[in-house]
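Novice: Here's a structure for you.
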Amino acid sequence: MANSASGMHVSDECKLKFLELKAKRNYRYIIFKIDEKAQQVMIDKLGNPEETYDDFTGSIPEDECRYAVYDFDFTTPENCQKSKIFFIAWSPDTSRVRSKMLYASSKDRFKREMDGIQVELQATDPSEMSLDIIKGRVNL
């Protein structure tokens, strides 16, 4: 049983699917949610490689907290193909206070379990995780 200081347990499926996103690029994104009854972080949705950033943002609930990882492909000004794995902590102002506290206290443990995250974003409003913000974080 996890306590609020250590954060929620991260299910093995979460770790496995993240490795598949990172190494095999089987997914464009993964959205995670905390299951309070099971006291662990679980997968909420897997995004196929052909899905867009709009598909991703449309899959995140408007008024519930979530963690997400997104594999962002881009071309540098020198014309090199690259990708960066973004971690997004989604904590909308309209979500429950208890939920915000739970996600905030579990974030560090979750990130430690997901080895390979390159960029972190904290968002409370859709504008804080727009495609322009993402591009800005990779200096495009």
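The values are calculated or read from the model by the stated rules, or taken from the named source; none is laboratory data. Note that the coordinates shown come from a computational prediction; the quantities given were computed from them, not determined experimentally. All Cβ positions, glycine included, derive from the backbone under ideal geometry; neighbour counts span all protein chains shown. Quick note on the areas: whole protein, heavy atoms, side chains included, nothing else; ligands and nucleic acids left out. Shrake-Rupley method; radii C 1.70, N 1.55, O 1.52, S 1.80 Å.
Novice: Set the bar at 21 Å for Cα to Cα. Now go through Lys17/Lys111; Lys45/Lys82; Lys33/Lys107; Lys15/Lys82; Lys24/Lys82; Lys17/Lys135 and name every pair that lies beyond it. List each step's numbers first, then the result.
Specialist: Values: Lys17/Lys111 14 Å; Lys45/Lys82 24 Å; Lys33/Lys107 11 Å; Lys15/Lys82 23 Å; Lys24/Lys82 15 Å; Lys17/Lys135 25 Å.
The pairs that break the limit, which is 21 Å between Cα atoms, are Lys45/Lys82; Lys15/Lys82; Lys17/Lys135.
Novice: Which whole-number percentage describes the relative contact order of the range 1-129, with Cα contacts under 8 Å and a sequence gap of 6 or more?
Specialist: Numbers: 235 pairs, mean separation 32.6, N = 129.
Across the range 1-129, relative contact order equals 25 percent.
Novice: Skip the ligands, DNA and RNA, and give the accessible area per residue of the range 17-140 with a 1.4 Å probe, whole Å².
Specialist: On the way: 6680 Å² over 124 residues.
That works out to 54 Å² per residue.
Novice: Using only the Cα atoms of the range 48-101, what do you get for the radius of gyration and for Dmax, in Å?
Specialist: Just the Cα atoms of the range 48-101 yield Rg and Dmax of 14.4, 46 Å.
Novice: Each residue of the range 59-68 in turn: what ³J(HN,Hα) in whole Hz from Karplus with 6.51, -1.76, 1.60 and θ = phi - 60°, glycine and Pro shown as x?
Specialist: Running phi through 6.51 cos²θ - 1.76 cosθ + 1.60 with θ = phi - 60° gives 8, 8, x, 5, 10, 10, 5, 7, 9, 8 Hz.
Novice: Another question, then. Could you work out the mean projected area of the convex hull around the alpha carbons of the range 1-83, in square nanometres to one decimal?
Specialist: Numbers: hull surface 28.1 nm².
The number I arrive at for the range 1-83 is 7.0 nm².
Novice: Efficiency by 1/(1 + (r/R0)^6): what FRET value for Asp35 and Lys82, r their Cβ-Cβ distance, R0 = 41 Å, to the nearest 0.05?
Specialist: Numbers: r = 34 Å, r/R0 = 0.84.
With a Förster radius of 41 Å, E is 0.75.
Novice: If I fit a long axis through the Cα atoms of helix 97-113 and take the longest principal axis of the Cα atoms of the chain, what angle between them do I get, 0 to 90°, rounded to 10?
Specialist: The angle comes out at about 60 degrees.
Novice: In whole Å, what are the Cα extents of the range 71-110 along the three principal axes, biggest one first?
Specialist: Principal-axis extents of the range 71-110 (Cα, largest first): 46, 23, 11 Å.
Novice: Can you pull the percent of the chain's accessible area that's carbon plus sulfur, 1.4 Å probe, other chains left in place?
Specialist: 47
Novice: May I ask for log10 I(q)/I(0) of the chain at q = 0.17, 0.20 Å⁻¹, from a Debye sum over the Cα atoms as equal point scatterers with solvent left out?
Specialist: At q = 0.17, 0.20 Å⁻¹ the computed log10 ratios are -0.91, -1.25.
Novice: Something else now. Who wins for biggest fluctuation among Gly47, Gly58, Gly116 in a Gaussian network model of the chain, springs between alpha carbons below 10 Å?
Specialist: So, out of Gly47, Gly58, Gly116, the one fluctuating most is Gly58.
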